[in-house]
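Undergrad: Have a look at this one.
The values are calculated or read from the model by the stated rules, or taken from the named source; none is laboratory data. All values reported here derive from a predicted model rather than from experimental measurement. A quick note on method: Cβ atoms are made from the backbone with ideal geometry, for glycine too, and the neighbour counts reach across all protein chains shown.
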Amino acid sequence: MAPLPGAELVQTPLQLYRYLLRCCRQLPTKGIQEHYKHAVRQSFRVHSDEDNPERIQQIIKRAIEDADWILNKVSPWLVSTLKLG
C-alpha cells in the first residue's frame, strides 16, 4: 500500500522529490517531519547527477517503498498518541 495516492504516477526525480515532501507532512511531529525533509533533500542532491534511466527507476521504487515503511511504522504511534490525548 502506498503512503499517499499518486505513488504509481511518480516517474521523474522531481515528481519523487515533491511526492516525498508531501509524505513528510503526514508524519506526527515537526521534528520528525524536518528530519525526513532534510534526508529527502540530501538524497535528491546526492543523486542529482544520475542519468541511467534504469537506476533512476530503481531509486524511485525504493524511495516509495521506504516512505511507505516509515509511514506505516509511525502510524500506530500516531494512533496511540491521539487516543491518549
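Undergrad: Determine whether segment 25-32 contains at least one residue that is of a type outside the set (Phe, Trp, Tyr) and at pLDDT 95 or above.
TA: no
Undergrad: Is it true that some residue in segment 49-68 is touching a residue at least 24 places away in the same chain (Cβ under 8 Å), over 17 Å from residue 11 (Cβ atoms), out of contact with any Ser or Thr (no Cβ under 8 Å at 6 or more places or on another chain) and in a helix (DSSP H, G or I)?
TA: Of the residues in segment 49-68, the ones touching a residue at least 24 places away in the same chain (Cβ under 8 Å) are 50, 56, 59-60, 63-64, 67-68.
Subset that is over 17 Å from residue 11 (Cβ atoms): 68.
Adding the requirement that they be out of contact with any Ser or Thr (no Cβ under 8 Å at 6 or more places or on another chain) leaves 68.
Still in the running and in a helix (DSSP H, G or I): 68.
Yes, the conditions are met somewhere in segment 49-68.
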